[in-house]
Amino acid sequence: MAGITERVYPKEIDADGIGNIQGVMYKVFTTRYSVARDWLREHFQGRKARVIDIACGSGYGTEILSELGNVVGVDLDPEAVNYARKNYKNERTSFMLGNADDAGFLKSLGKFDAVVSLATVEHVADAYRFMRWINRALLPGGASVVCFPSAVTMDWAIPHHKRDILRSAARRLFRKTGFEIKRDFYQNHKLDIRDLINETTSKDNEIPVPPLRQWVGYYLTHPHHFILRVYEITIGGGVLFADQEYLLLPVPVVDSSPARVSPASKSYE
Ligand SMILES: C[S@@+](CC[C@H](N)C(=O)[O-])C[C@H]1O[C@@H](n2cnc3c(N)ncnc32)[C@H](O)[C@@H]1O
């Protein structure tokens, strides 16, 4: 299945596959959807909410969110959207194909009580523009949950990831796009190096690992990330991933200093 490291297809995970990369990702990804659901349930105090899950992947998270009310899941990838329709369609979920980089498409979606976007901000062409859309798409009293890596990923995740946004930069991004942080949640995950090697050497996977020269080029310009990565693989005991997740409430933009960063740059680091 294409995009196997991009998203999880839960029903394709072996029964005993919980130790492999997809299994680890599934546990991590469902945890953050459950956190989003619980925060929003508390925020809306049981009131039914109209929710959008933007970049919903294969749709299992949209199903988790449907406990809150009607949820539309949107993703760029036709295979993911078809999988979601086949496996996670219920009376409260619907799925559509769409591109979060397309301002006209985003505007056409309308307004929501909650905008949930997990593991997306690192993928879109312009993080600032995307967060501004989220802000404008919220109905009065609405809230957003976003989640993205809090550790370096640009050494292995290019071209899917366009940037890394470390914690302090995330706070700056929210301030400049009109949000205050109401709740936060941080996760660290270790992947067994043997799983990673199995995955990258297996014949039938489609891992989009960048060519070696790209890794080398990245580390030449970011030597501190090379040291960090070596530490994580050796003394750190595994290949480390980390995520940051936030419940955000819209507030007036107070910091109007030039906020624009070049699209697809790493300048949020
Ligand atoms: C890491 S997955 C996250 C899926 C899901 N939100 C989750 O947390 O399990 C990232 C998803 O973003 C989608 N995506 C990337 N760029 C997108 C864009 N511009 N518009 C819509 N979806 C996009 C990918 O197809 C992929 O399914």
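The values are calculated or read from the model by the stated rules, or taken from the named source; none is laboratory data. Predicted model only: the values in this text are computed from it and were never measured. Virtual Cβ from ideal backbone geometry, glycine too; neighbours counted across all protein chains shown.
For the reader, a short list of remarks on this structure follows.
- For segment 34-59, the set of residues classified as more than 11 Å from the ligand (Cβ to nearest atom) and not charged (D, E, K, R) consists of 34, 35, 39, 40, 43, 44, 45, 46, 49, 51, 52, listed by residue number.
- Screening residue 67 with (1) at negative phi; (2) within 14 Å of the ligand (Cβ to nearest atom) gives one miss only, at (2).
- Sole residue being away from the ligand (no atom under 11 Å from the Cβ) and surrounded by 15 or more Cβ atoms within 10 Å (Cβ to Cβ), chosen from 112, 130: 112
Here's the yes/no breakdown for (1) assigned to a helix (DSSP H, G or I); (2) closer than 25 Å to residue 49 by Cβ:
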residue: 85; (1), (2): yes, yes
residue: 101; (1), (2): no, no
residue: 120; (1), (2): no, yes
residue: 129; (1), (2): yes, yes
residue: 140; (1), (2): no, yes
residue: 154; (1), (2): no, no
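- Screening 31, 62, 93, 120 for residues that are surrounded by 20 or more Cβ atoms within 10 Å (Cβ to Cβ), among the β-branched types (Val, Ile, Thr) and more than 9 Å from the ligand (Cβ to nearest atom) leaves exactly one candidate, 93.
- Single residue of segment 24-59 satisfying the filter (of a type in the set (Phe, Trp, Tyr) and modelled with pLDDT under 95) that is nearest to residue 122 (Cα to Cα): 29
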